[in-house]
Each structure stands twice: as C-alpha cells, then as structure tokens.
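Structure record follows, encoded as structure tokens.
The values are calculated or read from the model by the stated rules, or taken from the named source; none is laboratory data. Predicted model only: the values in this text are computed from it and were never measured. FYI the Cβ positions are ideal-geometry reconstructions off the backbone, even for glycines, and counts take in every protein chain you see. Surface areas here come from the heavy atoms of the whole protein model, side chains and all, with no ligands, DNA or RNA. Shrake-Rupley method; radii C 1.70, N 1.55, O 1.52, S 1.80 Å.
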Amino acid sequence: MKTLFLSLTLLLAAPAFAQEAGHAHAPAALETSGAFIRATLPRAPVGGAYLTIVNSGPEDDRLLAVTSPVGAFAAIHEMAHADGVMSMRPLPEGLPIPAGETVSLKPGGYHIMIEGLTAPLVEGETLDLTLTFEKAGEIPVSFDILAINARSHPAAAAPAHEGGHGHD
Ligand SMILES: [Cu+2]
C-alpha cells in the first residue's frame, strides 16, 4: 500500500517538475569571466570595460548593447587600422559570439566604452553593467574596477579554455 502511494505521488509530481523545467530558460549558453574596467582619471570622459564571453551553446549569439548606471551611454567598440593609424570604431551590428567559441574583449581589441563619465571610476570598486545579447537576452555582469593600466583581470590569468576548447 505504501509503495502504491509513493508511485502515485511520483506520478502526480512529475508533470509539475516538467512544467517547472519548461518555465526556466534553457541552460545558459553564455558564460562571462574576467570582467574588469580600468579606473579613470578625475576628468576622463570615457572608461574601458573588458571581459571574456564563452558561448558553449549550439547557437550563434551576438552582443547587441550594454547599459551602464554611470556615464551617458556605453558602446561596443573594435580597434581598427585606418591609414596606418590604430583607432577605434563602434560596431553597429554588435559583436558576434559564435557557437562554441570564446570571444575576449581586452585592451587593444574589442572593448566596451562607457562614455560621458561625470565622475571617475575608482580602483577597488565594482560597476554592474547589463549586457544584452540577441539570443541570451540581458545578462548582468559585475565588473571589478582595476588599475588605470590593467591589462587583464588577475582571476583570468590562468588560460581557461584558450586553445583547448575543441571537445566537440
Ligand atoms: Cu572605444
């Protein structure tokens, strides 16, 4: 009798579990790490933010926009050679994050630029930005504000997936 009762309970519980799983979003395909922002001088109008984004899902995604609680707006930039001069330019289509790939935003390459700062970004503090992706939607990321000349986040020093990511 007890066994029957347990089976019934499981049967009744099963659809509830299924429904709950259906409600939740698919397992997060995007993972971010090593997020940091360079501290800025008192009157600097812009700040640079960097992080690594791993897309372990089967679908290509795209970083479309970034919103910042400070500054006028945030833009996604790339560095490009124009007439022999390195300059940066916005990516109007966003930054592609292809399926199975790791995209690094780092000094000298892709970066998020926070423009129109009215107060300096202070080393040791953190800043929460919201990254909006085409498929994954909004992902809040906490950025550590590091030294003004920081090249990378100390926590990202160990090569995580670099190179050895071809398991599929
Ligand atoms: Cu820039």
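Please determine whether any residue of region 58-81 is out of contact with any strand residue (DSSP E or B) (no Cβ under 7 Å at 6 or more places or on another chain) and either open to solvent by less than 30 Å² (accessible area, probe 1.4 Å) or within 14 Å of the ligand (Cβ to nearest atom) (or both). Checked against the condition, which is being out of contact with any strand residue (DSSP E or B) (no Cβ under 7 Å at 6 or more places or on another chain) and either open to solvent by less than 30 Å² (accessible area, probe 1.4 Å) or within 14 Å of the ligand (Cβ to nearest atom) (or both), region 58-81 yields no hits at all.
Restricting attention to region 107-142, the residues being within 16 Å of Ala35 (Cα to Cα), within 16 Å of the ligand (Cβ to nearest atom) and in a loop (DSSP other than H, G, I, E, B) number 5. Look at region 35-49: where a residue is within 12 Å of the ligand (Cβ to nearest atom) and a partner is open to solvent by 60 Å² or more (accessible area, probe 1.4 Å), sitting 6+ places away or on another chain with Cβ atoms under 6 Å, you get Arg38/Ile148.
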